Amino acid sequence: MGLLFVLIIWAILFCIISLPLGLVGINIANFYSKHKKVEVKKTAWFFAPTVLLFSFAGLFFAENVVYSIITDSDIGIGDYASADINGKYHIYWIDIPNWQIGAKDNPVSLFGNVQEILEHNDTIIFSAGTDNYYILAQLNPNKEGYTFIDAASNTNVLWNKYTQARGIDRDDVYTCEEYYWRSRKYFYICALIFNIFLFIYLFIRFKEFWKSLLIEKY
């Protein structure tokens, strides 16, 4: 699935969301008009939430592009996802969400159908599925590759045995999806807070301009 196709899907989704938001804008306009006793531009109020939504999404997309360049990762949408593992390895999927694990400087994956990952004392352990069973393996810290640890019919057996033997909290084992979003969590939080404050600042800084767009006279 190409990036352009994903962007089109998001644009259609935002357009669908914009209709009820526009109706909310009209209701707010009516309330504001009666409360402040001013004439409002209802068309502007109808489209204002849509413009705000697309502006917010566009800014967030641009921030994701900058983040991907700085961290050498994906942009958060599209047909590719990747999360760094200790700077040498990464988990990723291309076209379909079947997670693989491999070295960052080698396009050939070490293992496919990766299920879960554990980071403990600079040790990286992962579980992966094969046709009839699951394996547990450790990534080699010094050279590219992995060391086989154990195999079982399901991942819970593998992880329970491994964590209990070493006194590791089972909750420290993350699925690939959890690991991926965990690696981007603080970026998303910071971007969200920054964008909210930026939009508030722009509203206050150019308050008279926004009034001229939304209100006939005041």
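The values are calculated or read from the model by the stated rules, or taken from the named source; none is laboratory data. The shown structure was predicted, so the numbers you read here are calculated from the model rather than taken from an experiment. Because the Cβ atoms are built from the backbone with ideal geometry, glycine has one as well, and the counts that use them run over all protein chains shown.
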request  = Determine which single condition residue 33 fails, assuming it passes every other condition in (1) over 30 Å from residue 216 (Cα atoms); (2) assigned to a helix (DSSP H, G or I); (3) in contact with an Asp or Glu (Cβ under 8 Å, 6 or more places away or on another chain).
outcome  = (1)
request  = Output the residue which, of all residues in segment 94-129 that are touching a helix residue (DSSP H, G or I) at 6+ places or on another chain (Cβ under 9 Å) and at pLDDT below 90, is surrounded by the most Cβ atoms within 10 Å (Cβ to Cβ).
outcome  = 129
ask   = Somewhere in segment 25-35, is a residue aromatic (Phe, Trp, Tyr), out of contact with any Pro (no Cβ under 6 Å at 6 or more places or on another chain) and farther than 19 Å from residue 186 by Cα?
value = yes
